[in-house]
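One structure is given here, and the rest of the page talks about it.
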Amino acid sequence: MTVSSRVDVLYTEVIDFVQKMVDPAKVERDRMRHEKPAISYGFDKSDMKKVHSEFDGHFSELSLEEGIKLAGKLIRSGNSTLIHIGIHLLGLRREELDPSHFKCFDEFVDHFVGWGNVDHFRSVLQSMLERHPHQVIELLRKWNRSDNRWKRRASVVVFTRRIAEDGRFIDEALDLCGNLVWDEEDLVRKGVGWALKDNMRADKERVLEYIKSLRKSGVSSVITLYAIRDLKGKEREEVLRIRKGRQP
């Protein structure tokens, strides 16, 4: 069986399996949660766990080339649930991925339909950032200037959680966040706020001063309020007292 035929067969099996699981009530609930809903089967974590249990063994038997081809077919489907499965497949092979696959990634993100796709893909990028920091930073700088809002969000949310807490990439995180603080897209601004919040755990004094400077410059409160979610008491009150052009 050729690479193409193996991928096509498994793709059809995935589609058949998930379509049998579709619950119209979940699809409608998922649609109602979004202002501009994407096509989705409305799967929750338990549903996805069933899909993973059914297919992870088959996914692992594929060659890397086959895995990327299948992930691409799923991601290009336009269905958020299938995109999630495609990203999951890439995640299973994350240690084998390298900068030679950036062209695929660049195209895949063009097919994302929501912030959930971006944030799921984050773990793949984080793994590669740790192993190929210079090349991944170069890719993120390109995405940071993209017309695609999901690429812009991806360029900053990669610097969250364990990557942020490590403190290794604070300079890059602040630089890329700084390019997007005036972004018109709400979900990009929220990504900036998330990255700042998590990086404050590694260098509180530096990042907090940066957040204060953003408040003073009058950037959207979407960013600064998200960024200070971990702050309490007087520290939080001090930031909130800052108004554009004024010190607290």
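The values are calculated or read from the model by the stated rules, or taken from the named source; none is laboratory data. Predicted model only: the values in this text are computed from it and were never measured. So basically every Cβ, Gly included, is an ideal-geometry build from the backbone, and we count neighbours across all protein chains shown.
Some notes on this structure:
- Residues within region 188-206 that are out of contact with any Ser or Thr (no Cβ under 6 Å at 6 or more places or on another chain), assigned to a helix (DSSP H, G or I) and among the basic types (Lys, Arg), tallied: 4
Conditions tested, residue by residue: (1) surrounded by fewer than 22 Cβ atoms within 10 Å (Cβ to Cβ); (2) in a helix (DSSP H, G or I).
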| residue | (1), (2) |
| --- | --- |
| Val156 | no, yes |
| Phe159 | no, no |
| Leu176 | no, yes |
| Leu208 | yes, yes |
| Lys212 | yes, yes |
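Yes/no per residue for (1) in contact with a Phe, Trp or Tyr (Cβ under 6 Å, 6 or more places away or on another chain); (2) farther than 22 Å from Ser123 by Cβ; (3) in contact (Cβ under 8 Å) with a residue 40 or more places away in the chain; (4) not aliphatic (A, V, I, L, M):
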site	(1), (2), (3), (4)
Asp166	no, no, no, yes
Gly178	no, yes, no, yes
Ala202	no, no, no, no
Val207	no, yes, no, no
Arg215	no, yes, no, yes
Leu225	no, yes, no, no
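- Helices (runs of 4 or more DSSP H) wholly inside region 1-84 that include at least 2 residues being within 27 Å of Glu96 (Cβ to Cβ) and polar (S, T, N, Q): 3-21, 45-61
- Of all residues in region 221-248 being small (Gly, Ala, Ser) and over 21 Å from the mean Cα position of the chain (by Cα), the one that is surrounded by the most Cβ atoms within 10 Å (Cβ to Cβ): Ser221
- Phe17 vs. criteria within 22 Å of Leu92 (Cα to Cα), at pLDDT 90 or above and either over 24 Å from the mean Cα position of the chain (by Cα) or of a type in the set (D, E, K, R) (or both): yes
- Any hit, region 46-59, residues being buried (at least 21 other Cβ atoms within 10 Å of the Cβ), at pLDDT 95 or above, out of contact with any Ser or Thr (no Cβ under 8 Å at 6 or more places or on another chain) and among the aliphatic types (A, V, I, L, M): no
- Among the residues of region 20-35, those identified as at pLDDT below 95 and either surrounded by 10 or more Cβ atoms within 10 Å (Cβ to Cβ) or within 24 Å of the chain's Cα centre (by Cα) (or both) are Val22, Asp23, Lys26, Val27, Glu28, Arg29, Asp30, Arg31, Met32, Arg33, His34, Glu35.
- Where a residue in region 39-66 is over 12 Å from Ile85 (Cβ atoms) and free of Cβ contacts under 8 Å to residues at least 40 places away in the same chain and its partner, wherever it lies, is in a helix (DSSP H, G or I) and not aliphatic (A, V, I, L, M), with Cβ under 6 Å and at least six apart: Gly42/Lys26; Gly42/Asp30; Leu64/Glu96
- If you go through region 85-123 and keep only what is assigned to a loop (DSSP other than H, G, I, E, B) and either farther than 28 Å from Asp186 by Cα or over 14 Å from the mean Cα position of the chain (by Cα) (or both), you end up with Arg93, Leu97, Asp98.
- Residue in region 169-176 that is over 30 Å from Ile85 (Cα atoms) and without any contact (Cβ under 8 Å) to a residue 12 or more places away in the chain present: yes
- Residue that is surrounded by the fewest Cβ atoms within 10 Å (Cβ to Cβ), among those in region 60-81 that are within 22 Å of the chain's Cα centre (by Cα) and of a type in the set (Gly, Ala, Ser): Gly78
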